[in-house]
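J.: Please find one structure pasted underneath; my questions will follow.
The values are calculated or read from the model by the stated rules, or taken from the named source; none is laboratory data. This one's a predicted model, so the numbers in the text were calculated from it and none came from an experiment. Methodologically, a virtual Cβ is constructed for each residue, glycine included, from the backbone with ideal geometry; neighbour enumeration extends over all protein chains shown.
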Amino acid sequence: MSSKIIIPAARTATIKYAVRDIVVLANETAKSGKEMLYLNIGDPNLFDHKTPDHLIEATYKAMKDNQNGYAASSGLPAAVEAIERDAERKGIKNIQDIFVTTGASEAIEICLTALVNAGENVLLPTPGYPLYTAIQSKLEMEVNPYFLDEENGWQPDIEDIKAKVNDKTRAIVLINPNNPTGSIYTKEILLQIIDVALEHNLVILADEIYDKLLFDDNELVSIAALNSEAPIITFSGLSKNYVVPGFRIGWGIVSGNQNLLRDYIEAINKLLRARLCANHPMQYAIAPSLDGDQSHIKELIGKLERRSQMTNDMLGSVDGISMVKPKGSFYVFPSIDVEDDMHFVAELIKATGVVVVPGTGFGQKPGTSHFRIVILPQEEVLEKAYKHIAEFYEIYKIR
């Protein structure tokens, strides 16, 4: 009988997911009996945000009506039609395909898998959501980050993007509104990104999962609305805007020149067919979400605006912590004057029970340190957490 250990695939060696990896340390701290204040995971249902009743009713009715078998691989027709209507409201034209997936994360992974060979690369925003770097490792893609400019409100650095394109680059990824910074990209920047993509024959992968969570009357321009010929896939879903991350319902919208996209769309659909379908009954929530009552979004934005302002007021006044106030999503990404944000966050958790995520987990310019805060918790939780952070930092920085 063999006693050799099972060796995992080399592609898994570099996979990290900072948002959940930090929970391991938090769980150890919680065992000591310390009060824990979790500002690390973007799950609105953990706090005072509730799923709209009409979404629950739609899925319940579907299950009662025995819509519990497989769905079409690309999604329920009524759901796809609702997604198309929502895309048209955003100004997206020349739509070639729409598909429903198990969260936007599956849509992103399928589209990258259908496009990128081992040794090729896509331009990934830095800082950016760690899902993309995890997929990068799984697909054995080359690392190719581009930086967001903190001095310019975390806008993409166009010159850095241009400098990073090489003969193995296949796509440019955008996260807009951005996770973790909360920035919203300007129309001028988006037009320049389209120019780069067209010049180098790149696909634009536009992650717009927070597209309805915009603060202070800011508006979001969907990049696909700016050019009907550029090959663009726009990702979104129900999780954040409609307070149902556990439903795991997302989608992709392919738009652009049909002749350029034909083979790529078929490759995407091969992968969609191979994994059968997304959750069937939950797809019945898509049309009521996108076409129905939107009042919960106004309520959610109101809470987030107040909590964003509180974050800016309380932490922005701490010497050594600086803020770029977010314009959307539910994240803030303060910079902090420390040498090692991983060490700072670990010590913060152990000393105070406040759980944030180090900027290292999202990528950042060398020589800088940040941490990400989720502003979903109630004001009293945030106030207590920010007081702990400020007091701990005063002690930490004189060590």
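J.: What are the residue pairs meeting all of these: first residue in region 334-347, first residue farther than 20 Å from Leu148 by Cα, second residue of a type in the set (Val, Ile, Thr) and assigned to a helix (DSSP H, G or I), Cβ atoms under 6 Å, and 6 or more apart or on different chains?
T.: Cβ pairs passing all conditions: Met342/Thr360.
J.: Moving to a separate point now. Is it the case, given these coordinates, that Thr360 is polar (S, T, N, Q) and under 18 Å from the mean Cα position of the chain (by Cα)?
T.: Judged against the criteria, Thr360 is a match.
J.: How about region 123-145: which of its residues are under 20 Å from Lys270 (Cβ atoms) and under 17 Å from the mean Cα position of the chain (by Cα)? Quick ask: steps written out before the conclusion?
T.: First, pick out the residues of region 123-145 that are under 20 Å from Lys270 (Cβ atoms): 135, 138-141.
Answer for region 123-145, where residues must be under 20 Å from Lys270 (Cβ atoms) and under 17 Å from the mean Cα position of the chain (by Cα): just Ile135.
J.: Applying the selection to region 323-352, what residues are in a loop (DSSP other than H, G, I, E, B), surrounded by fewer than 23 Cβ atoms within 10 Å (Cβ to Cβ) and either of a type in the set (A, V, I, L, M) or in contact with a His (Cβ under 6 Å, 6 or more places away or on another chain) (or both)?
T.: Those that are in a loop (DSSP other than H, G, I, E, B), surrounded by fewer than 23 Cβ atoms within 10 Å (Cβ to Cβ) and either of a type in the set (A, V, I, L, M) or in contact with a His (Cβ under 6 Å, 6 or more places away or on another chain) (or both): Met323, Val324, Val338.
J.: Which condition from (1) in contact (Cβ under 8 Å) with a residue 24 or more places away in the chain; (2) within 23 Å of Lys50 (Cα to Cα) is the one that Gly361 breaks?
T.: For Gly361, the failing item is (2).
J.: Just for region 151-168: of the residues that are assigned to a helix (DSSP H, G or I) and free of Cβ contacts under 8 Å to residues at least 40 places away in the same chain, which one is surrounded by the most Cβ atoms within 10 Å (Cβ to Cβ)? Break it down into steps so the answer makes sense when it comes.
T.: Of region 151-168, the ones assigned to a helix (DSSP H, G or I) are 151-152, 158-164.
With free of Cβ contacts under 8 Å to residues at least 40 places away in the same chain added as a condition, the list becomes 151-152, 158-163.
Numbers: Glu151: 8, Asn152: 13, Ile158: 16, Glu159: 12, Asp160: 16, Ile161: 20, Lys162: 14, Ala163: 10.
Among them, the one singled out is Ile161.
J.: Could you give every pair whose Cβ atoms fall below 7 Å, whose first residue belongs to region 127-145 and is under 11 Å from Arg11 (Cβ atoms), and whose second residue is of a type in the set (Lys, Arg), counting only separations of at least 6 or pairs across chains?
T.: Pairs that qualify, where the first residue is under 11 Å from Arg11 (Cβ atoms) and the partner is of a type in the set (Lys, Arg), are Ser137/Arg11; Lys138/Arg11; Glu140/Arg11.
Quick grid of which residues meet (1) in the same structural domain as Glu106 (by TED's automatic domain parsing); (2) of a type in the set (Phe, Trp, Tyr); (3) under 26 Å from Tyr185 (Cα atoms):
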site	(1), (2), (3)
Tyr264	yes, yes, no
Lys270	yes, no, no
Leu300	no, no, yes
Leu304	no, no, yes
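J.: How many residues, within region 87-96, are surrounded by fewer than 20 Cβ atoms within 10 Å (Cβ to Cβ), of a type outside the set (S, T, N, Q) and outside any loop (DSSP other than H, G, I, E, B)?
T.: Total meeting the criteria: 3.
J.: Looking only at region 112-142, which residues are outside any helix (DSSP H, G or I) and among the hydroxyl-bearing types (Ser, Thr, Tyr)? Break it down stepwise before answering.
T.: To start, the set of residues in region 112-142 that are outside any helix (DSSP H, G or I) comprises 114-130, 139-142.
Passing the criteria: Thr126, Tyr129.
J.: Looking at (1) modelled with pLDDT of 95 or more; (2) surrounded by 21 or more Cβ atoms within 10 Å (Cβ to Cβ); (3) in contact with a Ser or Thr (Cβ under 9 Å, 6 or more places away or on another chain), find the lone condition where Gln136 falls short.
T.: (1)
J.: Determine, yes or no, whether Lys61 is surrounded by fewer than 20 Cβ atoms within 10 Å (Cβ to Cβ), in the same structural domain as Thr234 (by TED's automatic domain parsing) and part of a helix (DSSP H, G or I).
T.: Against the criterion (surrounded by fewer than 20 Cβ atoms within 10 Å (Cβ to Cβ), in the same structural domain as Thr234 (by TED's automatic domain parsing) and part of a helix (DSSP H, G or I)), Lys61 qualifies.
J.: Could you pull out the residue among Glu142, Glu120 that is surrounded by fewer than 23 Cβ atoms within 10 Å (Cβ to Cβ), at pLDDT below 95 and under 18 Å from His200 (Cα atoms)? Reasoning before the result, please.
T.: Working: Glu120 fails: at pLDDT below 95.
Residue meeting the stated conditions: Glu142.
J.: Which count do you get for residues in region 366-399 that are under 17 Å from Leu148 (Cβ atoms) and either surrounded by fewer than 17 Cβ atoms within 10 Å (Cβ to Cβ) or of a type in the set (Asp, Glu) (or both)?
T.: 3
J.: Same structure, new question: Six or more apart or on different chains, Cβ under 7 Å: which pairs go from a residue in region 38-54 that's among the aliphatic types (A, V, I, L, M) to one that's crowded, with 17+ Cβ neighbours inside 10 Å and in a loop (DSSP other than H, G, I, E, B)? Could you list them?
T.: Pairs that qualify, where the first residue is among the aliphatic types (A, V, I, L, M) and the partner is crowded, with 17+ Cβ neighbours inside 10 Å and in a loop (DSSP other than H, G, I, E, B), are Leu39/Val356; Leu39/Pro377.
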